[in-house]
């Protein structure tokens with residue numbers, strides 16, 4: 001298909017043997033060498049991801065804070081410049097519009113980094129719910145202007161430090177720096193210590209004209225350490241092991257963030273009313289009808305997105321994500337199930353195509369890095 | 001791309017090797033490369049009948065599940081049990097260590113519809 005969107009890094013993929021797929025309308029690399037190898041590289045060294053497909057929406061103006069407090073579940077007033085926050089935007093019924101990071105650039109200027117496939121929807125939802133004047137709020141979809149790279153893994157800081165004079169150890173978890181210059185690149189990048197793999201690492205935003213140079217610079221700097229480009233396949237297994245939600249699977253318009261177990265990013269006691277507050281507050285206080293749990297297969301088989309979960313032949317939920325975990329080498333999944341079946345050790349049945357296979361509930365996250 | 005000349009191929013990317021009155025079946029080098037790391041192989045049991053173009057098992061990569069479609073009808077007389085513990089054989093050795101089943105064909109005419117290595121190569125280039 002020729003109408004797929006491409007990031008500025010597309011010409012680089014081929015040099016590293018990428019296989020590309022249609023990912024929500026984007027022509028993106030699913031793997032370069034092998035998902036298992038790339039997963040391992042990220043867990044043990046560091047991997048470089050092109051995540052330029054992610055959407056960027058900028059909210060500016062004197063009423064930005066007031067507006068965002070009404071739109072999202074987390075408490076945006078807790079942000080200070082150079083700090084980022086994970087949050088949800090919900091519908092009135094508690095269903096999720098999207099999950100994303102908000103970066104506070106400065107007073108009255110916030111950057112929202114949203115899921116690629118949701119960018120248009122999020123933008124429209126923000127605009128639709130914006131009752132302010134133009135001089136109070138501006139909302140702009142600036143996705144097309146940036147390349148976003150992620151360097152993730154235990155060697156990420158070492159490698160990135162070798163190409164900048166800025167002391168990266170100053171950037172703590174969920175903090176960022178707006179103007180980091182990399183050697184030989186004339187435009188500064190925004191660098192945050194954030195990621196989607198369960199490893200230490202950075203996400204880097206730079207004007208798209210400089211994206212390819214930065215990509216090449218990082219790979220060159222990391223060559224000795226074994227840094228390699230990583231595709232979406234490993235990105236998915238990495239985030240899954242670390243129990244990081246994927247919109248469309250753990251979260252959706254039909255799944256609230258409370259059901260997904262992500263209550264930490266919902267602040268029903270903040271002063272501002274926000275969309276979905278009533279339902280979410282009730283779910284937090286009284287428990288939601290469904291809850292996300294981790295499962296491990298007892299019988300041989302792999303749980304996959306959408307497979308039914310049963311107890312005594314009655315459907316009690318479904319698998320949101322599942323695979324053979326490359327780190328643990330176990331067949332594990334996340335399942336959204338009725339609240340009465342969420343205790344660790346509970347045995348369940350997973351309908352794996354024609355077969356009914358036994359599984360049990362286990363603790364999440366499946367993987368946690370040693371700090 | 002490794003496509004041995006002495007094998008026959010199906011459009012569903014299985015290879016078939018004639019052995020006297022039986023055939024040995026597996027998936028092609030092209031198929032394993034497309035699928036990526038194979039982590040699970042599900043095969044029928046000895047004695048089961050498989051039917052042309054119908055699924056007889058599945059292979060799972062880290063990312064997805066793919067059905068295996070029978071290139072020929074017949075009765076399963078042997079199954080490669082080693083693939084249960086070593087699914088990676090499918091990637092490492094698709095034509096040798098990762099043979100999947102041996103079948104006694106019930107209709108030898110079906111063999112005529114399988115592709116030669118040259119024809120199969122053409123087929124995957126067009127696809």
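Each value in this text was obtained by applying a stated rule to the coordinates, not by laboratory testing. Quick caveat, the model's predicted, so the values are computed rather than measured. Every residue, glycine as well, gets a Cβ built from its backbone with ideal geometry; the counts of neighbours run over all protein chains shown.
Data overview
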read-out	value
For region B:1-69 versus region A:205-237, the gap between their alpha-carbon centres in whole angstrom	36 Å
Efficiency of FRET from Cβ geometry, residue B:126 and residue B:65, R₀ 22 Å, rounded to 0.05	0.30
Potential extension, residue A:127-residue A:354 segment - 0.36 nm per residue separation minus Cα distance	77.1 nm
Chain A, relative contact order [Cα under 8 Å, separation at least 6], %	18 percent
Which of A:164, A:237, A:186, B:64 has the fewest Cβ neighbours within 10 Å, and the rest in rising order	A:186, B:64, A:164, A:237
Segment residue B:52-residue B:81, length gained on full extension (0.36 nm per residue, minus Cα span)	8.2 nm
Backbone N under 19 Å from the residue A:265 label point (7 Å along Cα→Cβ), restricted to region A:355-371	A:364-369
Tail fraction, Cα-Cα pairs, region A:30-96, threshold 17 Å, whole percent	62 percent
If the convex hull is drawn through the Cα atoms of region A:84-179, its volume per residue in Å³	143 Å³
Whole-Å distance, taken between Cα centres, linking region A:106-174 and region A:23-101	8 Å
Global size of region A:1-148 as Cα Rg and Dmax, reported in angstrom	17.6, 52
B:111, A:71, A:297, B:1 arranged by Cβ crowding within 10 Å, fewest neighbours leading	B:1, B:111, A:297, A:71
Residue A:315/residue B:12 FRET efficiency (R0 45 Å; Cβ-Cβ; nearest 0.05)	0.90
Volume per residue that the Cα convex hull of region A:267-313 spans, once the total is divided by residue count, Å³	137 Å³
Counting DSSP beta bridges with both ends in chain A, the antiparallel % (nearest 5)	95 percent
Label zone at residue A:170, where the point sits 7 Å out along the Cα-to-Cβ direction: region A:104-148 residues whose backbone N lies under 13 Å	none
Cα gyration tensor category, rounded, prolate or oblate, for region A:243-298 with a/c compared to 1.5	prolate
For the protein assembly as shown, average projected area of the Cα convex hull in nm²	25.5 nm²
The protein assembly as shown - mean residue ellipticity at 222 nm from DSSP helices (-39,500 (n - 2.57) per run, n ≥ 4, rounded to 500)	-5000 deg cm²/dmol
Fewest-first sequence of A:217, B:52 by Cβ atoms within 10 Å of each Cβ	B:52, A:217
